[in-house]
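J.: Let me give you the structure first, and then I'll get to my questions.
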Amino acid sequence: MDKLLRQAKHEYTPRQRTIAFIFLAPIFLLILPFALIWLGYKLDHWLHLPLIAYEPLNLIIGISLITLGWIFGIWSNYQQFTIGRGTPVPLMATQKLIIQPPYAYCRNPMALGAIVMYLGVAVVIGSLGALILVIFGAIALLIYIKAFEEKEMISRFGNDYLEYKEQTPFLIPRFGKQKK
């Protein structure tokens, strides 16, 4: 944890952060969704799960979820890049606590965006196996955030983060008037 905290204090240039985004974006936007589709179908076959296909409902709901999740994820990344002067990569951590939207609505909008986006992929393909994978992946991600990231944020931002944590929901957004 100490090494990570020391690393988090180092500020990277916009060019370095952009390069990190260019290399990481395909992982989250292409590789993971295709892996989810492939593994979901494998799990469906292995567990003899039926496909849940209610066209065009699957497409309408799934694409809506993918779009909403993608927007929340991109918005979160943009705020980390511009306001926080960092990236989602722990080794290129934000230099400033971000409390502006979407972080004003929930503390983990990027995680929320990813979960919603991958749920949308599972709905589009109608795979119960993919849905199971998304749920277990989300649980693992949220446990990691609670167990490690929140402690790191307290170490890095102290009382400012504790106050933010008290006022802002963990994952389920609260829209409307925010406490200052």
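The values are calculated or read from the model by the stated rules, or taken from the named source; none is laboratory data. Since the model is a prediction, treat every value here as computed from it, not as a measurement. Don't worry about glycine lacking a Cβ; one is built from the backbone with ideal geometry, like all the others, and counts go over all protein chains shown. Accessible surface is based on the protein model in full, side chains and every heavy atom, while ligands, DNA and RNA are left aside. Shrake-Rupley method; radii C 1.70, N 1.55, O 1.52, S 1.80 Å.
J.: Mean Kyte-Doolittle of at least 0.5 plus a Cα span of 27 Å or more along the axis: flag which DSSP H helices in the chain meet both, please.
T.: Sorted by number, the helices that extend far enough and score high enough are 57-82.
J.: How many Å² of accessible area per residue for the stretch 34-173, probe 1.4 Å?
T.: Details: 7510 Å² over 140 residues.
Per residue, the stretch 34-173 has an accessible area of 54 Å².
J.: Can you list the residues, at least 5 places off or on another chain, whose amide H is less than 5 Å from the amide H of residue 95, using H built in the peptide plane?
T.: For residue 95, the qualifying residues are 85, 86.
J.: Return, for the Cα atoms of the stretch 1-93, the radius of gyration and Dmax in Å, separated by a comma.
T.: Here Rg and the maximum Cα pair distance are 18.1, 51 Å.
J.: Which value results when the Cα radius of gyration for the stretch 36-135 is divided by 2.2 N^0.38 Å? Can you show the working numbers first?
T.: On the way: Rg = 16.2 Å, N = 100, 2.2 N^0.38 = 12.7 Å.
Taking N as the residue count of the stretch 36-135, the ratio is 1.28.
J.: Given contacts defined as C-alpha pairs under 8 Å and at least six residues apart, what's the relative contact order of the stretch 45-180, whole-number percent?
T.: Details: 149 pairs, mean separation 42.5, N = 136.
Over the stretch 45-180, the number comes to 31 percent.
J.: Could you list which residues have their amide H under 5 Å from that of residue 127, counting only those 5 or more apart in sequence or on another chain, with H placed in the peptide plane?
T.: Excluding prolines and chain starts, which carry no amide H, the hits are 52.
J.: How much of residue 42 can a 1.4 Å solvent probe reach, expressed as accessible area in Å² and rounded to 10?
T.: Taking all protein chains as shown, residue 42 has close to 110 Å².
J.: Separate question: Against the empirical 2.2 N^0.38 Å scaling, what ratio does the C-alpha Rg of the stretch 75-180 come to?
T.: Values: Rg = 14.7 Å, N = 106, 2.2 N^0.38 = 12.9 Å.
So the stretch 75-180 has a normalised radius of gyration of 1.14.
J.: I've got another one for you. Out of the total accessible area of the chain (probe 1.4 Å, heavy atoms of protein only), what percent is carbon and sulfur?
T.: On the way: 7900 of 10970 Å².
Here carbon and sulfur together make up 72 percent of the probe-accessible area.
J.: Follow-up. Taking just the alpha-carbon atoms of the chain, what radius of gyration and Dmax come out, in angstrom?
T.: Computed over the Cα atoms of the chain, radius of gyration and Dmax are 17.7, 51 Å.
J.: Sticking with this structure for a sec: Can you tell me the dipole magnitude for the chain around its Cα centre, using point charges on the Cβ only (Lys, Arg +1; Asp, Glu -1), in Debye to the nearest 20? Please list the in-between numbers first.
T.: Details: 17 positive and 10 negative charges, 129 e Å.
For this selection, approximately 620 debye.
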